[in-house]
Amino acid sequence: MTDETQRFTALSARLTGFAAEDLAATGLIEAYRAVAEQELGSERYGRLLRELEEIPELPPPGGESAAGARAVAYLWYTGSWPGPPPGLVSPRAYAEGLVWKAAGLTAPAAAPGGYGSWAEGGAR
């Protein structure tokens, strides 16, 4: 893991409330790092990393860093970058969205049970 990836992982852990290990288990850290840098732009992305490393609390609402922080958290929870129109990063991003983990659920249609599973254990 590169230093840049480690910094993004630490930032993401602060923003989402999930441990770095949980984020790594999604297999999406590098993909999300690339999306955040592309969408925010290299300069804004770098500033976000620096500012959130330097201050102990998250940025106050309303600033440029706060908007970037919200976008990164949104990316982790939904698998898409916010904005008109939001774009899903990948099918895996949908399945690994933190929204499902926070709710203790599996993403709908992401882990099918196989042929005929709908008939097993259902209402009779």
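The values are calculated or read from the model by the stated rules, or taken from the named source; none is laboratory data. Bear in mind that the values here come from a model prediction, so they are computed numbers and not experimental data. Cβ placement follows ideal geometry from the backbone for every residue including glycine, while neighbour counts extend to all protein chains displayed.
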When the residues of the stretch 89-99 are filtered to those that are surrounded by 15 or more Cβ atoms within 10 Å (Cβ to Cβ) and in a loop (DSSP other than H, G, I, E, B), which remaining residue is modelled with the lowest pLDDT? Val89
Got at least one residue in the stretch 38-56 being touching a residue at least 24 places away in the same chain (Cβ under 8 Å), loosely packed, with under 15 Cβ neighbours inside 10 Å and either among the basic types (Lys, Arg) or assigned to a helix (DSSP H, G or I) (or both)? yes
Going through (1) touching a Ser or Thr at 6+ places or on another chain (Cβ under 8 Å); (2) more than 20 Å from Ala110 (Cβ to Cβ); (3) not β-branched (Val, Ile, Thr) one by one, Glu53 fails only at (1)
From the list Ala24, Ala10, Ala102, Ala71, which residue is modelled with pLDDT of 90 or more, in a helix (DSSP H, G or I) and touching a Pro at 6+ places or on another chain (Cβ under 9 Å)? Ala71
Any chance Pro108 is at pLDDT below 80, surrounded by fewer than 18 Cβ atoms within 10 Å (Cβ to Cβ) and out of contact with any Gly (no Cβ under 7 Å at 6 or more places or on another chain): no
Failed condition for Gly17, given (1) surrounded by fewer than 16 Cβ atoms within 10 Å (Cβ to Cβ); (2) in contact (Cβ under 8 Å) with a residue 12 or more places away in the chain, with all others met? (2)
